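Asks: This structure is in structure tokens; I'll ask about it shortly.
The values are calculated or read from the model by the stated rules, or taken from the named source; none is laboratory data. What you see is a predicted model; the values in this text were computed from it and never measured. Note that we place each Cβ from the backbone using ideal geometry, even for glycine, and neighbour counts take in every protein chain shown. Quick note on the areas: whole protein, heavy atoms, side chains included, nothing else; ligands and nucleic acids left out. Shrake-Rupley method; radii C 1.70, N 1.55, O 1.52, S 1.80 Å.
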Amino acid sequence: MSAILPSRFPSWAERRWLPRTMPALEGGALLAVVIVSVAALAVAHHLWPTAVPVVSLVPPCLVVTMLCPIGEVRIVFGLVLAYVGFSSLTTDEGITRNLPLLISLALMYALAASRSHHGAAAFAGNRMLGDLRTRLLKMGDIPTLPRGWHAERSFATAHGNAFAGDFNVTSRSRCGSTLEVVLADVSGKGQEAGTRALVLAGALGGVIGSTEPEHVLPMANDFLERDGWDEGFATAVHVCLDMTTGEATVASAGHPPAMHYDAGCGRWSALDEVRGPALGLTPHAEYPQVRTVLQRGDALLIYTDGIIESRARDLDDGIDWMLGVAEARGSHGFSGLVKRLVAGGRAGDDDDRAAVLIWRD
């Protein structure tokens, strides 16, 4: 078993340069330190205006912007503005020379107001987003598979955004003989789809592996219906594989067709006999299953439309390109194929791209 992800994908989620806890100095003590710093810098600027410019007040303002509640931000900013007004009246600096500081204060206050509106402290909020993204990735981790079975996955986001609408959820039965994978594509791309992807991934994570395979997509569809996704929908493909017999079922919700490689004839074929509608569009929709068998040397490929879709060419051309790449690598084995497909996806950086490949020796 192996899992391939673009280098930028895990690095963002696993960075540790953000502090793991809020600073030890916080609350009233932090506010007191900031006020004393502002007062000291104001006095220093008044006595030595050339050596200590007025913009030296920016660092304590930035600290209070990032770490303090909006009420304390207003206190500190009020003190700074009061000093700027006093300095403009009592010296020949004038208000014009203080414009850089005033503009900086306006931008920092806008940041503080936005942070307060969303209810997340700066560093803690950043860690929260990183943790959510890491958890989304881990929900799709491919577990160790029995001997003779392999799987890889690869993802890339539109324009390198931190969040994406493409994700997968994976579950292996307790006995170890059954593997279930859902690959989903939430409408939109990048950060605009990230929130909905997290919501849907949580719903799928609670369903996959705990209910019968034929109920997974209908339950996900019902969830989106109840959740009232006015702003979008999602496509998904669900694979349930018996790794003892090689039997697999594939159900699709408006998703591009899964591809089955038959080692006996050396060709790829689409499993697109029947497909249900995208998730969240039709109440009580049905999602028929297509059955196939993975013999030794066979493979099953699922992917999102960013791999095959582009504005300049139609889907059939994208599928031909994808299968051409797959056939060209066939003689070298399947390892690394999904990474190649994601890197060369027809949508390029304009859309999220994802692929999962399962094969049998």
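Listed here are the residues, each with its yes/no results for (1) part of a loop (DSSP other than H, G, I, E, B); (2) over 20 Å from the mean Cα position of the chain (by Cα); (3) of a type outside the set (A, V, I, L, M).
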position	(1), (2), (3)
V237	no, no, no
C240	no, yes, yes
A248	no, yes, no
P256	yes, yes, yes
Y261	no, yes, yes
V274	yes, yes, no
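Asks: Still on this structure, please answer the following. Which residues, taken from region 68-92, are within 36 Å of the chain's Cα centre (by Cα) and not in a helix (DSSP H, G or I)?
Replies: C68, P69
Asks: Identify, by number, the condition in (1) under 22 Å from the mean Cα position of the chain (by Cα); (2) open to solvent by 50 Å² or more (accessible area, probe 1.4 Å); (3) among the polar types (S, T, N, Q) that S210 doesn't meet.
Replies: With (1) under 22 Å from the mean Cα position of the chain (by Cα); (2) open to solvent by 50 Å² or more (accessible area, probe 1.4 Å); (3) among the polar types (S, T, N, Q) applied to S210, the lone miss is (1).
Asks: Here is a further query. Please name all residue pairs, on different chains or six or more residues apart, with Cβ atoms under 7 Å, provided the first residue is in region 26-40 and is at negative phi and the second residue is open to solvent by less than 50 Å² (accessible area, probe 1.4 Å) and not in a helix (DSSP H, G or I).
Replies: Hits for this filter: L30/C68; L31/C68.
Asks: Which of the residues belonging to region 213-231 are in a loop (DSSP other than H, G, I, E, B) and crowded, with 16+ Cβ neighbours inside 10 Å?
Replies: Hit for region 213-231 is W229, nothing else.
Asks: Give me the pairs: first residue in region 72-92 and farther than 14 Å from S37 by Cα and free of Cβ contacts under 8 Å to residues at least 12 places away in the same chain, second residue among the hydrophobic types (A, V, I, L, M, F, W, C) and open to solvent by 80 Å² or more (accessible area, probe 1.4 Å), beta-carbon distance under 6 Å, and six or more apart or on different chains, which are they?
Replies: Pairs that qualify, where the first residue is farther than 14 Å from S37 by Cα and free of Cβ contacts under 8 Å to residues at least 12 places away in the same chain and the partner is among the hydrophobic types (A, V, I, L, M, F, W, C) and open to solvent by 80 Å² or more (accessible area, probe 1.4 Å), are S88/I95.
Asks: L294 versus (1) at pLDDT 95 or above; (2) under 25 Å from the mean Cα position of the chain (by Cα): which is the lone unmet condition?
Replies: That leaves (2) as the condition not met.
Asks: If you don't mind, another one. Is it the case that some residue within region 304-321 is outside any helix (DSSP H, G or I) and among the aromatic types (F, W, Y)?
Replies: Within region 304-321, not a single residue is outside any helix (DSSP H, G or I) and among the aromatic types (F, W, Y).
Asks: Can you tell me which residues in region 133-160 are of a type outside the set (G, A, S) and surrounded by 17 or more Cβ atoms within 10 Å (Cβ to Cβ)?
Replies: Hits for region 133-160 are R133, L136, L137, M139, I142, L145, W149, H150, E152, R153, F155, T157.
Asks: Within region 322-342, can you find the residues that are touching a Ser or Thr at 6+ places or on another chain (Cβ under 8 Å), open to solvent by 40 Å² or more (accessible area, probe 1.4 Å) and in a helix (DSSP H, G or I)?
Replies: Result: K339, single match.
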